[in-house]
Amino acid sequence: MSGPGLGTAALRIRPLANEWKRSLAAERADLRAAFFAQPAAGDLLRRQRMLVDRKLRQVWSSHGLSSRLALLAVGGYGRGQLFPHSDIDLLILLPAAVDPPLQQKLECFVGLLWDIGLDVGHSVRTIAECLELASQDVTVQTGLLEARVITGNRGLFRRFSNAIRDALDPEAFSQAKQLEQQQRHERYQETNLEPNIKESTGGLRDLQNILWIARAADIGKTWGALARRGLITMHEAREIQRHELFLQTLRIRLHYLAGRREDRLLFDHQSALARQFNLHDAPHRLASEQLMQRYYRTAKAVNQLNIMLLQNLKARISPGRDRDYHVINARFGTRAELLEASEERLFEREPKAILESFTLLQEHHELKGMSAITLRALWRARRHINPAFRRDPANRALFMRTLRSSTHVERALRRMNQYGILGRYLPAFGRIVGQMQHDLYHVYTVDEHILRVIRNLRRFSIPELAHEFPLCSRLMSDFARPEVLYVAGLFHDIAKGRGGDHSRLGKIDARRFCEAHVLSREDTDLVAWLVEHHLAMSLTAQKQDLSDPDVIRAFADLAGDERRLAALYLLTVADIRGTSPKVWNAWKGKLLEDLFHATRGLLKGGQPTLASSVQVRQSEALAKLRLYALPEKAHEKLWKELDTAYFLRHDPQEIAWHTRLLYYRVDTQKPVIKARLSPAGEGLQVMVYVPDQKELFARICSFFENMNYDIFEAKIYTTRHGYALDSFQVHDPHNRRPRYRDLISYVEFELAERLIRKAPLPPLTRPRLSRQLRHFPISPEVNIQPDERGTYKVLSVIAGDRPGLLSRIARVLTAYDINLHTARINTLGSRAEDVFLITGAALNDAKTVVRFESELLEQLRT
């Protein structure tokens with residue numbers, strides 16, 4: 001029964017299918033050309049839908065499908081908004097269960113749709129089956145709510161629509177959609193620099209969610225309908241339509257650019273999209289950064305409107321849930337655990353109540369937010385935050401009250417930013433809202449980074465979280481007037497994107513703020529100093545030799561006193577942790593902590609000299625060795641081969657470790673490779689002791705690169721009798737969880753074997769760059785300067801980080817017979833900022849230095 005009939009039909013339809021495929025491609029190309037000639041997102045989406053409707057009717061008709069069936073569009077296609085590469089969601093609605101002949105016809109129908117170029121997602125169900133699935137899954141229910149008939153039995157479609165409507169509980173649907181939105185926002189919250197236009201907070205889905213809930217409650221299907229029902233004004237409806245149009249246009253262009261369904265604003269596409277919007281690189285801002293700032297500001301506005309409208313809809317759908325109004329003061333009260341203005345025109349009449357509302361939310365922990373009427377009033381009153389408002393001492397006092405609160409400082413500031421208040425009160429902050437940072441290590445926009453820094457500072461003051469950063473928690477608990485730290489955090493990056501040194505420009509803004517808000521002279525000076533020098537501690541810890549007393553003394557001179565030192569340490573830890581989840585690691589934490597303790601010791605009155613520093617380290621190392629019951633003079637044979645530089649560069653624990661492992665094999669000819677869990681608390685510390693050999697550093701780098709491990713510190717030392725005594729801090733950047741006993745055994749055996757064989761170094765391969773580095777490359781920089789004593793040269797390298805980078809540098813050093821003494825490997829996301837302490841005859845000849853720098857730059861570009 002199935003064979004001949006279907007075979008004949010297939011032969012008859014094949015020429016038609018070829019023509020449908022050709023005409024579909026041609027008409028899609030015409031739509032694309034028309035859009036780029038005169039971009040009109042709504043028109044394109046409508047014409048895309050009409051084109052597909054027409055093709056579906058043609059294919060449906062050609063298959064002679066029963067008139068008892070109905071072909072429905074569901075989801076976004078049902079809504080009538082078909083983006084260039086979106087799926088075409090179909091529901092084939094049956095009056096009864098499908099029989100085998102019909103099943104074959106439907107399979108042929110769907111297969112042909114794919115053949116002609118329609119990417120369909122389809123389901124075949126009865127009304128009863130649709131109702132059962134809808135009752136189990138709110139996503140299915142949402143798709144069916146927007147269904148429209150394309151062709152077929154319209155009476156069946158009406159029965160379907162009525163059944164879906166009758167089964168719908170608006171209140172339960174609203175609650176489910178709001179929970180779904182909450183979960184979606186959490187899922188996409190870490191995609192800050194590559195947001196999803198559709199799914200991220202403030203994306204198209206947030207706008208659709210409002211209309212879905214309004215539709216379910218029979219309030220309206222369009223923004224105009226919501227305005228007519230009093231949920232928004234016509235002005236607000238037009239504003240929403242403007243934001244929706246921008247997001248739709250962006251998504252259409254993204255689909256065409258990617259040539260597929262792609263809703264993520266990936267780095268790969270941002271520059272090309274910016275050009276399509278006629279944006280061009282400016283001296284201090286890339287075109288892509290300008291486009292993304294427009295997107296982020298649109299998303300922020302959509303998020304504000306989404307919060308306001310969902311609150312309004314909730315109040316309409318569940319009016320009986322409001323409890324009594326409880327007075328807080330003459331201006332505000334609470335209702336149903338929400339803050340509510342005493343009357344809708346409160347903010348218009350008393351603009352200072354704008355900041356007071358956030359203060360009250362901060363101080364009344366039982367409140368979950370603002371009521372619908374209050375959010376709406378706040379949204380409309382933003383224009384009253386003008387120069388006169390900012391100059392008002394009462395408003396300034398309210399803002400400082402927020403910063404001086406003992407709880408929820410970051411939450412209050414985040415709410416202000418979310419509702420568009422913070423950027424109006426602080427215009428300098430408003431300029432950096434949504435501003436991207438293509439520096440390859442900040443993964444958040446500037447405003448989001450600042451709020452995360454303040455959150456990190458706030459967490460240091462919470463006793464329950466003291467286990468996270470014990471030193472920070474102790475310092476914060478003893479720090480008088482912590483609001484100065486929050487002000488410094490608020491202003492430390494506020495001048496990004498203006499050109500010039502953002503630290504110095506931010507210092508001016510910070511001082512102006514402090515003076516206007518009546519901070520004491522001492523606190524004003526501290527805030528300004530912190531903003532100006534907020535990078536100093538990180539740079540010193542990660543790029544300078546902390547074993548050098550002169551380095552510590554210079555940093556102590558900069559800090560001046562213990563309060564400034566503590567404040568800078570707290571801000572630095574909070575700042576680094578606020579750039580990206582991947583930038584902070586235990587080793588950076590140890591470097592900062594070591595610098596803090598060394599500097600505080602000096603500020604307390606200590607005056608270390610080289611001789612006293614060596615003596616202290618040796619004494620502490622001997623005390624640790626006695627714990628292992630070693631002979632009293634066990635250390636002497638090794639230590640006589642070590643000079644002052646060794647004892648300055650290694651801490652007592654490391655000196656004791658080396659001595660315990662080597663005291664009985666000082667003259668061994670076999671490599672001694674020993675590894676242990678790093679004292680920093682992350683990764684491994686590896687000791688290499690071997691008669692010095694050419695290409696040793698390059699060989700070790702190659703070994704760890706093959707393991708996919710990163711080196712973030714190397715101490716390279718040659719003993720008086722010609723042995724390399726090197727120490728490496730390594731870790732797995734992918735945070736895999738190995739069995740450390742097996743890992744240590746592997747490193748000790750395999751690295752020793754490699755050093756014994758002295759096999760030729762493997763050829764360098766062209767590394768695979770990250771997407772971000774491909775599209776926002778870093779021009780490599782090489783700088784060679786003498787250190788302060790003139791003993792060493794300091795080689796500073798900045799380049800895009802990639803596999804094999806350290807090996808390339810090591811090979812160039814080897815080629816010029818340059819000796820490496822220490823290496824500080826500082827990786828900031830996709831950016832490497834490495835510092836090497838080097839010596840060698842080649843560095844004394846200017847022409848050779850130029851050749852060395854040129855060759856190194858060439859390797860960094862490869």
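Does region 488-531 come out rounded, prolate or oblate by the C-alpha gyration tensor, with a ≥ b ≥ c the root eigenvalues, rounded set by a/c under 1.5 and, if not, prolate when a/b is larger than b/c and oblate if not?
Verdict is prolate for region 488-531.
Can you give me the P(r) profile for region 632-713? Cα pairs, bins 10 angstrom wide beginning at 0, each as a whole percent.
So the P(r) values, bin by bin, are 14, 45, 35, 6, 0.
Counting alpha carbon pairs within less than 8 Å and at least 6 residues apart, what relative contact order, in whole percent, applies to region 271-344?
Working: 49 pairs, mean separation 10.3, N = 74.
Relative contact order comes out at 14 percent.
Dimensions of region 173-224 along principal axes (Cα, Å, largest first)?
Projected onto its principal axes, the Cα set of region 173-224 covers 37, 22, 9 Å.
Specify the inter-centroid distance of region 793-854 and region 589-608, based on alpha-carbon positions, in whole Å.
Region 793-854 and region 589-608 have Cα centres spaced 28 Å from each other.
Dipole of the chain (Lys/Arg Cβ +1, Asp/Glu Cβ -1, origin at the Cα centre): which of LEU485, LEU286, GLY790 lies farthest to the positive side?
About the Cα centre, the residue reaching furthest to the positive side is LEU286.
Would you give the gap between the C-alpha center of region 235-281 and the C-alpha center of region 101-133, rounded to a whole Å?
If you average the Cα positions of each part, the centres end up 32 Å apart.
Any of LYS543/LYS715; LYS590/LYS637; LYS21/LYS55; LYS637/LYS758 with alpha carbons more than 19 Å apart? Name them for me. Spell out each step's value before the answer.
Numbers: LYS543/LYS715 13 Å; LYS590/LYS637 31 Å; LYS21/LYS55 9 Å; LYS637/LYS758 28 Å.
Those over the limit are LYS590/LYS637; LYS637/LYS758.
Determine the calculated [θ] at 222 nm for the chain from helices alone, applying -39500 (n - 2.57) to every DSSP H run no shorter than 4 residues and normalising by the residue count; nearest 500 deg cm²/dmol.
After summing the helix terms and dividing by residue count, I get -17500 deg cm²/dmol.
Mind running the shape call on region 146-198? Use the C-alpha gyration tensor, a ≥ b ≥ c as the square roots of the eigenvalues: rounded below 1.5 for a/c, prolate if a/b tops b/c, oblate otherwise.
Oblate.
State the answer as a single residue: which of ASN844, SER702, PRO95 lies farthest towards the positive end of the charge dipole of the chain, with beta carbon charges of +1 for Lys and Arg and -1 for Asp and Glu, about the Cα centre.
So the residue we want is PRO95.
In whole percent, and with a 1.4 Å probe on the protein chains, what portion of the accessible area of the chain is carbon and sulfur?
50
Between Rg and the Kirkwood Rh of region 694-850, both from Cα atoms, what is the Rg to Rh ratio?
Expressed as Rg/Rh, it is 0.96.
Sorted from largest down, give the three principal axis spans of the alpha carbons of region 286-375, whole angstrom values.
Per principal axis, max minus min of the Cα coordinates gives 52, 32, 26 Å.
Going by accessible area, probe 1.4 Å, with all protein chains left in place, what is the ranking of VAL794, VAL573, largest first?
VAL794, VAL573
Taking every pair of distinct Cα atoms and averaging 1/r, then inverting, what Kirkwood hydrodynamic radius in Å comes out for region 530-641?
For region 530-641, inverting the mean 1/r across all distinct Cα pairs yields 15.9 Å.
Could you provide, to the nearest whole Å², the per residue accessible area of region 316-358 with probe 1.4 Å? Could you put the intermediate results ahead of the total?
On the way: 2340 Å² over 43 residues.
Ligands and nucleic acids excluded, the figure is 55 Å² per residue.
Equivalent ellipsoid semi-axes for the chain, as square roots of 5 times the alpha carbon gyration tensor eigenvalues: give them largest first, rounded to whole Å.
For the chain, the ellipsoid semi-axes come out as 59, 39, 24 Å.
Could you give the dipole magnitude of the chain about its Cα centre, charging the beta-carbon of Lys and Arg +1 and that of Asp and Glu -1, in debye to the nearest 20?
It works out to roughly 2260 debye.
Hey, what did the chain get for relative contact order, percent, Cα under 8 Å, at least 6 apart? Walk me through the intermediate numbers first.
Details: 1198 pairs, mean separation 56.4, N = 862.
Value for the chain: 7 percent.
Note down the relative contact order for region 568-685 as a percent, whole number, built from C-alpha pairs under 8 angstrom at least six residues apart. Show your work: numbers first, answer last.
Values: 65 pairs, mean separation 32.9, N = 118.
Averaging sequence separation for qualifying contacts and normalising by length gives 28 percent for region 568-685.
For region 65-223, restrict the atom set to alpha-carbon positions and state the Rg and Dmax in Å.
16.9, 52
Give me the compactness ratio for region 438-498, meaning the Cα radius of gyration over 2.2 N^0.38 Å.
Expressed relative to 2.2 N^0.38 Å, the Cα Rg reads 1.26.
With the cut-off at 1.5 for a/c, could you classify region 405-470 from its C-alpha gyration tensor as rounded, prolate or oblate?
Details: a/c = 3.42, a/b = 1.39, b/c = 2.47.
Because a/c hits 1.5 or more and a/b fails to exceed b/c, region 405-470 counts as oblate.
Please give the net charge around SER702, taking every other residue with its beta carbon less than 15 angstrom from that of SER702, where Lys and Arg add +1 and Asp and Glu add -1.
Once all neighbours under 15 Å are counted, the net charge is +2.
Between ARG159 and ALA480, what is the FRET efficiency for a Förster distance of 60 Å, r being their Cβ-Cβ separation, to the nearest 0.05?
So, using R0 = 60 Å, E works out to roughly 0.25.
The values are calculated or read from the model by the stated rules, or taken from the named source; none is laboratory data. Bear in mind the structure is a predicted one, so any value in this text is a computation, not a measurement. Neighbour counts run over all protein chains shown; Cβ positions are idealised from the backbone, glycine included. Keep in mind that these areas ignore ligands, DNA and RNA; they rest on the heavy atoms of the full protein, side chains included. Shrake-Rupley method; radii C 1.70, N 1.55, O 1.52, S 1.80 Å.
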